[in-house]
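Contents: one structure, followed by commentary.
The values are calculated or read from the model by the stated rules, or taken from the named source; none is laboratory data. For clarity, every value in this text was computed on a predicted model and none was experimentally measured. Note that we place each Cβ from the backbone using ideal geometry, even for glycine, and neighbour counts take in every protein chain shown. To get the accessible areas, we keep the full protein, side chains included, count just its heavy atoms, and leave off ligands, DNA and RNA. Shrake-Rupley method; radii C 1.70, N 1.55, O 1.52, S 1.80 Å.
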Amino acid sequence: MHRHSKRRAAFQGRPSSFSRMIPFLLLILVAFSPALYAQDYAFLNASDLALNRQRLSQPQTPELTLAAWQSLHRAADKALKQPLLSVTDKGMTPPGGSKHDYLSLSAYWWPDSRQPDGLPWVKRDGHVNPASKNEQSDGVRLATFTASVQTLTLAWYFSGDRRYADKAIALIRHWFINPATRMNPNLKYAQGVPGIADRRHTGVLDGRYFATRLVDSLIALRQAPGWRAEDEQQMQRWMKDYLAWLLTSPEGRGEAAAKNNHGSWYSAQVAGIAWYVERPDVIREMIHQAQRRMAGQLTADGRQPLELARTRSFHYSWFNLQALTALATVAGHSGAGDLWHYRTPQGAGLLTALDFMAPWSDGAKRWPWPSLDHVGVRLIPLMVQADNQLKSQRYRQSIEQVDWALPEARAARGATLDALRASWLLQVPAYGR
């Protein structure tokens, strides 16, 4: 990481002096509009964000924090130049006849080469069909949209540059509010499989980004000068309608019953949306739901058999823990329950599973189960979150010894940058305060 210190003097993307005035300005806003500005974050930690914003305005910024900011800043500048996105941009029309409905194809299903028309598609677990990742459907578009909103919002928060907030708000209005381009609040046609089903409950997983990337962005943007009371009202309405769909639709109920990572992400997604619309009763139910599910997910030593059975066994073991960690964070912020210390009848819990996986946060150590990919650094943000939430240094050794050098593979490179941002810009490791 010494290369970052060489670039420090040349770096021109540090937050401006205006950003140091933001806390004072926010106090004024809170004083005059308490109903709009009082809500805490669901997944992020306000004190960690404020500490890193302060550090970025000082000459001696921790190198990993600076590197994470530089990466975010470049991504935000790129997002400024991108067009607005909408579900109505897709080439295909959903079975219901309206392009305002979200539509995606399940990634691991492929045309059957033995059939003249390729139907029905057949599953090749872990192998992504490019047809699920093009402009004809909405899967990639949703991921790009939510990532852009989050990146732009964070760039505004850390820099004070209104351009970033204005672009994030424009993206939100185009996707959710403008009548000609808004998305209907459902995922009825997500992760369909040609020849098998247009509607599958597994597609609810696509909506996790509405919670993990957008909820805290929406809360942060309440402080932005371009955010209007009408925007807030429209987003509250959309999210309430979407939450109702998640709780009552056949797809939502089906995903709630899923035993693996899909079920965990359902609980985390619903809890995040419930936080935004202030439904603590729903958050409590999601915590209880996850606790009941964990008994079948974890062995006494912390293994996750349902995820280890996958062709991407490391990825899905991490992915399930990411959902549970997100849910534990919302639970802690809401006071609706404690998932960190919960134990199944077998004596396992979230920390048992993290302890089990911790040795493989070192990417050089071979993962002993068959897996198409192993990006160990993805575990680090979960460990930082656990230590911060529990006020411990349980995972300090694993966090300290991470090699943050960027790998050559594009997917692993992106995952490493995401982990760096989540560990050192959106959080402050307990030992690094």
Limited to region 161-196, what total is found for residues that are open to solvent by less than 10 Å² (accessible area, probe 1.4 Å) and among the small types (G, A, S)? 4
Region 58-68, residues that are open to solvent by less than 20 Å² (accessible area, probe 1.4 Å), over 18 Å from the mean Cα position of the chain (by Cα) and of a type outside the set (S, T, Y): L66, A67
For the condition over 19 Å from E307 (Cα atoms) and not polar (S, T, N, Q), what is the one hit in A295, A258, A271? A271
E278 being modelled with pLDDT of 95 or more, within 22 Å of the chain's Cα centre (by Cα), of a type in the set (D, E, K, R) and surrounded by 19 or more Cβ atoms within 10 Å (Cβ to Cβ): no
Kindly evaluate A336 against the criterion of being in a loop (DSSP other than H, G, I, E, B) and surrounded by 20 or more Cβ atoms within 10 Å (Cβ to Cβ). yes
In contact (Cβ under 8 Å) with a residue 12 or more places away in the chain and touching a Gly at 6+ places or on another chain (Cβ under 9 Å) - does that describe any residue in region 79-93? no
Scan region 260-304 residue by residue and report those that are β-branched (V, I, T), in a helix (DSSP H, G or I) and out of contact with any Gly (no Cβ under 6 Å at 6 or more places or on another chain). V270, I273, V282, I283
How many residues are among the acidic types (D, E) and open to solvent by less than 30 Å² (accessible area, probe 1.4 Å) when one looks only at region 84-121? 2
Taking region 281-296 and keeping only residues that are touching a Lys or Arg at 6+ places or on another chain (Cβ under 7 Å) and buried (at least 19 other Cβ atoms within 10 Å of the Cβ), one is left with R293
Region 71-83, subset assigned to a helix (DSSP H, G or I) and out of contact with any Lys or Arg (no Cβ under 8 Å at 6 or more places or on another chain), residue surrounded by the fewest Cβ atoms within 10 Å (Cβ to Cβ): K78
Which listed residue is surrounded by fewer than 17 Cβ atoms within 10 Å (Cβ to Cβ) and farther than 27 Å from H127 by Cα, from R410, R433: R433
